[in-house]
Amino acid sequence: MIECLILGAGPAGYTAAIYAGRAGLRPVIYEGLQPGGQLTITTEIENFPGFAEGIDANQLMLTMRQQAERFGAEIRSHTAVRADLSQSPYKLWFDDGSMEECLTLIIATGATAKYLGLDDEQKYQGIGVSACATCDGFFYRKKTVAVVGGGDTACEEATYLANLANKVYLIVRKPYLRASKAMQQRVMENEKIEVLYETNTLGLYGTDGVEGAHLVHRKGEADERQYDLPIDGFFLAIGHKPNSDLFREWLQTDEIGYIMTQESTPRTAVPGVFAAGDVADPLYRQAITAAASGCKAAIEAEKYLTELKAAAQ
């Protein structure tokens, strides 16, 4: 029987394991498909506290992993494929055919950024393509960037980048913005932002990184026009998909799929089950906030187990 099982090995999962390990809970982490989480698809991180000169993203995650192992966390490489949270102990099945039972479960499976599906997005990942302006915007100071999307998130990203870059293009496939009136106004009033309506991205180009985008205006129309737009960075802002499908039968989620927690804590409606990191955070989605929620989840798990043992006496 596992006292504390953690799904996900990003900042939330590793931090939860560090705190759970120090509390003597002997946590077991299942890494899933992306050990290290979304940070592993970026390069340098400059906004994680404690690293004055920044740190390589993969190095940061390796350090967190080692720290979790130092405090007794067991790390396994398999992916959960089925869950039964109907009663404690909770059951999880994995892609190697194994099944585990646990008294507490911390879900830190993250959220996956949505992409356009272009081969070039993978080709230039980390060298010009990003899905997080707050994470990577600093590297484009005084440069020219493009943001894809027409909703609030895209407008927020474009506005944020406009504080850093010389020029921001907002690529919108519709002839209008879907964002709120307040966000639209912010974009329109910013002289650094230019909105390209009815525009789709066909691809990206560049030798050692993104140097431009292949665009098409009014695709499929009689006046369709293809052209190249020189840019240094290409930001996706078309949404995220929380990795929560496995638990929707048991846990309450919002309309997008983010796991809903109780009273600003990582507690879910199922006792002993906690959600941490981006899988329960539609707003911030930062490494530092994910790590903080992992800490909270481990503290809540320890508290739950203590109460469970006291009740059994």
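The set of residues in the stretch 113-150 that are over 19 Å from G203 (Cα atoms) and either over 18 Å from the mean Cα position of the chain (by Cα) or not assigned by TED's automatic domain parsing to the domain that holds E189 (or both) comprises F138, F139, Y140, R141, K142, K143. Number of residues in the stretch 177-199 that are without any contact (Cβ under 8 Å) to a residue 24 or more places away in the chain and closer than 19 Å to I231 by Cα: the value is 1. Scanning the stretch 169-194 for residues that are more than 19 Å from A213 (Cα to Cα) and acidic (D, E) returns E189, E191. Taking the conditions exactly as written (in contact (Cβ under 8 Å) with a residue 12 or more places away in the chain, over 17 Å from V147 (Cβ atoms) and in a loop (DSSP other than H, G, I, E, B)), does V270 satisfy them or not? For V270, the condition - in contact (Cβ under 8 Å) with a residue 12 or more places away in the chain, over 17 Å from V147 (Cβ atoms) and in a loop (DSSP other than H, G, I, E, B) - is met. Scanning the stretch 124-163 for residues that are surrounded by fewer than 23 Cβ atoms within 10 Å (Cβ to Cβ), polar (S, T, N, Q) and not in a loop (DSSP other than H, G, I, E, B) yields Q125, T134, T144, T153, T159. When the test is whether a residue is of a type outside the set (S, T, Y), under 18 Å from A297 (Cα atoms), in contact with a strand residue (DSSP E or B) (Cβ under 8 Å, 6 or more places away or on another chain) and in the same structural domain as A280 (by TED's automatic domain parsing), L39 does not pass it. Of V210, V187, V168, all but one fail to be outside the structural domain of G8 (by TED's automatic domain parsing), part of a strand (DSSP E or B) and of a type in the set (V, I, T); the exception is V168.
Checking T265, T201 one by one, the residue that is within 21 Å of P27 (Cβ to Cβ) and under 25 Å from the mean Cα position of the chain (by Cα) is T265 and no other. Within the stretch 74-99, the set of residues being buried (at least 18 other Cβ atoms within 10 Å of the Cβ) and of a type in the set (S, T, Y) comprises Y90 only.
Conditions (1) out of contact with any helix residue (DSSP H, G or I) (no Cβ under 8 Å at 6 or more places or on another chain); (2) assigned to a helix (DSSP H, G or I); (3) without any contact (Cβ under 8 Å) to a residue 12 or more places away in the chain, marked per residue:
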{"position": "L5", "(1), (2), (3)": "yes, no, no"}
{"position": "A16", "(1), (2), (3)": "no, yes, no"}
{"position": "G21", "(1), (2), (3)": "no, yes, no"}
{"position": "Q34", "(1), (2), (3)": "no, no, no"}
{"position": "L39", "(1), (2), (3)": "no, yes, no"}
{"position": "N47", "(1), (2), (3)": "no, no, no"}
{"position": "G50", "(1), (2), (3)": "yes, no, yes"}
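Where strands (runs of 3 or more DSSP E) fall entirely within the stretch 222-263, those with at least 1 residues that are over 15 Å from T112 (Cα atoms) and not aromatic (F, W, Y) are at 225-230, 233-236. Among the residues of the stretch 163-210, those identified as among the aliphatic types (A, V, I, L, M) and either in contact with a Phe, Trp or Tyr (Cβ under 7 Å, 6 or more places away or on another chain) or within 27 Å of D119 (Cβ to Cβ) (or both) are L164, A165, V168, L170, I171, V172, V195, L196, L202, L204, V210. Across the stretch 246-258, the qualifying residues are those that are in contact (Cβ under 8 Å) with a residue 24 or more places away in the chain and in contact with a Lys or Arg (Cβ under 9 Å, 6 or more places away or on another chain), and the one among them that is surrounded by the fewest Cβ atoms within 10 Å (Cβ to Cβ) is I256. Can you name the residue in the stretch 231-284 that is among the polar types (S, T, N, Q) and closer than 30 Å to F138 by Cβ and is also modelled with the lowest pLDDT among such residues? Out of the qualifying residues, it is S264. If you go through the stretch 88-123 and keep only what is part of a loop (DSSP other than H, G, I, E, B) and not charged (D, E, K, R), you end up with S88, P89, G97, S98, A108, T109, G110, Y115, L116, G117, L118.
The values are calculated or read from the model by the stated rules, or taken from the named source; none is laboratory data. Quantities reported herein were computed from a predicted structural model and do not represent experimental measurements. Cβ coordinates were reconstructed from backbone atoms using ideal geometry, including for glycine residues, and neighbour counts include every protein chain displayed.
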